[in-house]
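Asks: Submitted below is the structure of interest, expressed as C-alpha cells.
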Amino acid sequence: MTGSRHDQLVEQWLAAVRQEGADLPPEALGELLADLREHIEVARADLPAETEAEVRTILERLGDPSMIVAEARGGSAPSDVGPGAGPARSRVGTWVIVLIVTVGLLCVAGCLAGVLGLVSWTTLESGDPVPSPLPTSR
Amino acid sequence: MAEQLGVASSLRRGTLEFCVLALLRDRSRYGVELVRELGTAQALTTTEGTLYPLLSRLRRVGWVATSWQESPAGPPRRYYTLTRDGRAALDHFRTEWAAFRDAVDRIVETERS
C-alpha cells in the first residue's frame with residue numbers, strides 16, 4: 001500500500017546516509033541515523049494527510065545525505081571547548097609530511113646519483129679520477 | 001555565487017550553535033521543532049539535516065541534555081534542554097557577539113549603503 005511505498009523512500013534515503021557515513025565512527029553514525037529517523041517519523045506523524053509528495057518534501061528539507069555526513073565529519077568542536085581537529089585533519093597532515101620527506105629523499109638521491117654519475121663518466125673518459133680543468137703545464 | 005556561499009558558511013560556523021542554545025533558553029524543544037524554527041531564518045541554515053550533527057556535538061560537550069517524552073498522538077520525541085554549562089556558554093557568547101558585531105558594523109560601515 002502507499003504506506004510501505006513511503007517507508008521505502010525513507011529507508012532508501014537513510015541507506016544513502018549510512019553509505020555516505022561509512023567512514024564515520026560507528027557510534028556517531030548510529031546516533032545520526034537514529035536522530036534522522038526520529039525526525040522523519042515525527043514529521044510524518046505531524047502531517048495532516050501523508051502523501052508521497054509530503055514525504056519527499058520532508059526528505060528534501062533534511063537535505064542531501066552527503067552534506068549531512070560532511071557536517072558530521074568535518075564540523076569542529078563548539079567554540080571555546082578545546083581542540084577541534086578531528087582524525088581527518090591529522091591524517092592529512094601525516095601524509096603531507098610523508099610526501100615532503102619522500103620528495104626530499106628523492107632530491108638527495110638524485111643529487112648523489114648526479115655526482116656519482118659525473119665522477120664515473122669523467123673516470124671513464126680519461127682514466128684519471130678527475131681531470132683538471134686548468135692547464136697543467138706552464 | 002560560490003564566493004557568497006563561502007562567506008555565509010564561514011559566518012554560520014561558530015555562531016549557529018549559539019543560536020541553537022538561545023532557542024533552548026526558555027524551554028526545551030524537540031528536534032523537529034528546533035530545526036523548523038531555525039529553518040525559517042534563511043541566512044542561518046543550509047538544510048535541516050545538518051543540524052543533527054550540530055546537536056550531537058552540543059550533547060557531547062555537555063551544553064545540551066536530551067530526554068525522551070511520550071507523545072499523545074505519535075512517536076516518542078527527543079527533547080533538548082539547555083544545561084547549566086550551556087547557559088554559561090550562551091551568556092559568554094552574547095557578550096562576545098555584541099562587541100564583535102558592533103566592531104564589524106563600525107568598520108564595514110553596515111549602515112552606509
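The values are calculated or read from the model by the stated rules, or taken from the named source; none is laboratory data. Nothing here was measured: the structure is a model prediction, and the numbers come from that model. Note that we place each Cβ from the backbone using ideal geometry, even for glycine, and neighbour counts take in every protein chain shown. Just so you know, the surface numbers come from the protein's heavy atoms only, side chains and all, with ligands and any DNA or RNA stripped out. Shrake-Rupley method; radii C 1.70, N 1.55, O 1.52, S 1.80 Å.
Asks: Kindly indicate whether any position in region B:72-79 is at pLDDT 90 or above, in a loop (DSSP other than H, G, I, E, B) and over 15 Å from residue B:16 (Cα atoms).
Replies: For region B:72-79, residues at pLDDT 90 or above, in a loop (DSSP other than H, G, I, E, B) and over 15 Å from residue B:16 (Cα atoms): absent.
Asks: Name the residue that is farthest from the other protein chains (Cβ to nearest Cβ), counting only residues in region B:43-73 that are more than 20 Å from residue B:86 (Cβ to Cβ), surrounded by fewer than 17 Cβ atoms within 10 Å (Cβ to Cβ) and of a type outside the set (S, T, N, Q).
Replies: Once the filter is applied, the top-ranked residue is B:43.
Asks: Within region A:46-73, take every residue that is over 29 Å from residue B:9 (Cα atoms) and open to solvent by 50 Å² or more (accessible area, probe 1.4 Å) and give me the one that is nearest to the other protein chains (Cβ to nearest Cβ).
Replies: A:46
Asks: If you don't mind, there's one more thing I want to ask. Can you name the residue in region A:64-104 that is of a type in the set (D, E, K, R) and in a loop (DSSP other than H, G, I, E, B) and, of all such residues, is modelled with the highest pLDDT?
Replies: For region A:64-104, the residue satisfying everything is A:64.
Asks: As an exercise: evaluate residue A:110 against (1) modelled with pLDDT under 60; (2) away from every other protein chain (no Cβ under 14 Å) and give the number of the one condition it does not meet.
Replies: Among (1) modelled with pLDDT under 60; (2) away from every other protein chain (no Cβ under 14 Å), residue A:110 violates only (1).
Asks: May I ask you to list the residues in region B:44-69 that are free of Cβ contacts under 8 Å to residues at least 40 places away in the same chain and aliphatic (A, V, I, L, M)?
Replies: B:44, B:51, B:54, B:55, B:61, B:65
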